[in-house]
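What follows is a short report on a single structure.
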Amino acid sequence: MNIEIMPFLRQVLEVGHDISSIWLFGSRANGTDTEKSDWDFIAFGSEGTLERLQSATNLHRQDIDFMVVTNGIDFRNAWGPRLKSGSLKTWEWKILSEDLCEYMQSKEKAGHDFDVECTTKKAIRVWP
């Protein structure tokens, strides 16, 4: 994990004091990141966690997508220009070990309307 991101996560935990775990997913967790890749995190918390993070504008960064699972299944982004939401059930989120999960990612194939490709991706626990 990039050492530069750890102070940010500590700040998130100060605001989201009831967060039980934080996971890195997306390109940085799957080894497909580039110099321009953003950070994708999903945290397990509560509706209150989400509200506090939404209000903590000092934490809002364009290079970080931060999702909060509010009820054990459903999640929403804590900030960003547009709403992002989903369900761990839809993602087929599976815990493989203490520090590793896998999930299904669905992406529309370029140039093919209504043709979706599903791939298994991993998520890595970064806290605690």
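Here is a yes/no grid of residues against (1) modelled with pLDDT under 95; (2) closer than 19 Å to MET104 by Cα; (3) surrounded by 16 or more Cβ atoms within 10 Å (Cβ to Cβ); (4) not charged (D, E, K, R):
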residue: PRO7; (1), (2), (3), (4): no, no, no, yes
residue: LEU24; (1), (2), (3), (4): no, yes, yes, yes
residue: ALA29; (1), (2), (3), (4): no, yes, yes, yes
residue: PHE41; (1), (2), (3), (4): no, yes, yes, yes
residue: PHE44; (1), (2), (3), (4): no, yes, yes, yes
residue: GLU47; (1), (2), (3), (4): no, no, no, no
residue: LEU59; (1), (2), (3), (4): no, no, yes, yes
residue: GLN62; (1), (2), (3), (4): no, no, no, yes
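Could you please give the count of residues in the range 3-31 that are part of a loop (DSSP other than H, G, I, E, B) and either over 16 Å from the mean Cα position of the chain (by Cα) or of a type in the set (A, V, I, L, M, F, W, C) (or both)?
Going through the range 3-31 one residue at a time, the tally reaches 3.
Does any residue in the range 103-128 that is of a type in the set (Gly, Ala, Ser) come within less than 7 Å, Cβ to Cβ, of a residue that is loosely packed, with under 13 Cβ neighbours inside 10 Å and part of a strand (DSSP E or B) six or more places away or on a different chain, and which pairs are these?
SER106/VAL116; SER106/CYS118
Taking the stated definitions as given, is GLU35 part of a helix (DSSP H, G or I) and either free of Cβ contacts under 8 Å to residues at least 60 places away in the same chain or hydrophobic (A, V, I, L, M, F, W, C) (or both)?
For GLU35, the condition - part of a helix (DSSP H, G or I) and either free of Cβ contacts under 8 Å to residues at least 60 places away in the same chain or hydrophobic (A, V, I, L, M, F, W, C) (or both) - is not met.
A quick yes/no check of all residues on (1) among the polar types (S, T, N, Q); (2) part of a loop (DSSP other than H, G, I, E, B); (3) touching a Lys or Arg at 6+ places or on another chain (Cβ under 9 Å):
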| position | (1), (2), (3) |
| --- | --- |
| THR49 | yes, no, no |
| LEU53 | no, no, no |
| VAL68 | no, no, yes |
| GLY72 | no, yes, no |
| PRO81 | no, yes, no |
| GLY86 | no, no, yes |
| SER106 | yes, no, no |
| ALA110 | no, yes, no |
| PHE114 | no, yes, no |
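The values are calculated or read from the model by the stated rules, or taken from the named source; none is laboratory data. Because the structure is predicted, anything quoted here is derived from the model rather than measured. Quick reminder, even Gly has a Cβ in these numbers, built from the backbone with ideal geometry, and neighbours come from all protein chains shown.
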